[in-house]
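Take a look at the structure set out below.
The values are calculated or read from the model by the stated rules, or taken from the named source; none is laboratory data. Since this is a predicted model, take the numbers as computed values, not measurements. Ideal geometry is used to build each Cβ from the backbone, glycine not excepted, and the neighbour counts take in all protein chains shown. Ligands, DNA and RNA are stripped out before the accessible areas are found, and what is left, the full protein with its side chains, is counted by its heavy atoms. Shrake-Rupley method; radii C 1.70, N 1.55, O 1.52, S 1.80 Å.
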Amino acid sequence: MPRHIVCLTFDFDTQSGFIARGMTTPTPLSRGEFGLIGARRLLALLKARGLRATWFIPGFTIESHPAACAAVVEEGHEVAHHSWAHVPPAQQSRAQEEADLVRANEAIAKLTGRSARGYRSPSWDLSENTIDLLLAHGFRYDSSLMGADYWPYRARRGDVAELGKPFRFGEQTALIEMPISWSLDDYPHFEFVRTAAAILPGLQSARTVMESWLDEFRYMQQTVEWGVLTYTMHPYVIGRGYRMLALEGLIENLQDAGAVFMTMEEAAAEAQARMF
Ligand SMILES: [Zn+2]
């Protein structure tokens, strides 16, 4: 019996990503603040469609916007870990990374009554310590790597990549990797970013992007009997009106095509039972 799972995931960063990059003037901060409006719209859309999703919420957002985060919990969505301060682990020492991990997990436990089962790194850049730390702190899954598309796989530690030498795979761990891709993330498609170093144009047609995202699902249906497709969105990005309409259309098409919507924790548990 074919079964094709979709995980809708929302990285509820609000202002945290801008602060982590030193962009603390009023306009970038307000850009993150718009995520509060986006989150309300997304919760209403998910409720209308009868869907539960996974919200990766930084500790910063939980402590800065408690009512908005409580609304996510009240609607029955999964809350997963997305650091406290939205600093990528690859930029932190092991001690800094662990302290941030623990602080954010305490905020999640206070909000939801339990520790996070899943983790997604800010800006999708793990350190060489992240997998170890996630295992030590009881996580079941990570969602920050790009080594597959429709199949969860076991995260490895100890890969060796040295210039001029063949790649050596490290050992597989019990941590389940729920793979992601920038192509299935709203941010690079839609956000206009101008810095001293570069301009990211973004601002693409929302319906065109959603058409590509639907094609990913169709290809999964054509090529595998069972799989998980993960879409990554940010309330301050996808929450704009024309993008919300396009997302609504995507969800409708996915439902018509037979997608099984699950939280990432549920999908990871099904992957664990089925694959390992
Ligand atoms: Zn983020």
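Assorted remarks:
- Among the residues of the range 207-221, those identified as touching a residue at least 40 places away in the same chain (Cβ under 8 Å), in contact with a helix residue (DSSP H, G or I) (Cβ under 7 Å, 6 or more places away or on another chain) and under 15 Å from residue 183 (Cβ atoms) are 210, 214, 216, 217.
- Top-ranked residue in the range 85-108 [being out of contact with any Ser or Thr (no Cβ under 6 Å at 6 or more places or on another chain) and within 12 Å of the ligand (Cβ to nearest atom); ranked as nearest to residue 128 (Cα to Cα)]: 87
- Taking the range 86-111 as the range and being open to solvent by 40 Å² or more (accessible area, probe 1.4 Å), part of a helix (DSSP H, G or I) and among the polar types (S, T, N, Q) as the test, the residues that pass are 91, 96.
- Pairs, first within 16 Å of residue 31 (Cβ to Cβ) in the range 173-194, second small (Gly, Ala, Ser), C-beta under 6 Å, six or more apart: 190/202; 191/202; 192/202
- The range 1-17, residues that are more than 11 Å from the ligand (Cβ to nearest atom) and open to solvent by less than 10 Å² (accessible area, probe 1.4 Å): 5, 6, 7, 8
- Residue match in the range 21-41 (condition: away from the ligand (no atom under 16 Å from the Cβ), part of a helix (DSSP H, G or I) and surrounded by 16 or more Cβ atoms within 10 Å (Cβ to Cβ)): yes
- Pairs with Cβ under 6 Å, 6+ apart, first in the range 59-88 and among the charged types (D, E, K, R), second not in a helix (DSSP H, G or I): 78/54; 78/263
- Within the range 112-123, being part of a loop (DSSP other than H, G, I, E, B), polar (S, T, N, Q) and more than 16 Å from the ligand (Cβ to nearest atom) holds for one residue alone: 115.
- Cross-chain or 6+ apart pairs with Cβ under 6 Å, the range 21-39 first and in contact (Cβ under 8 Å) with a residue 40 or more places away in the chain, then assigned to a helix (DSSP H, G or I) and among the hydroxyl-bearing types (Ser, Thr, Tyr): 32/236; 34/236; 35/236; 38/236
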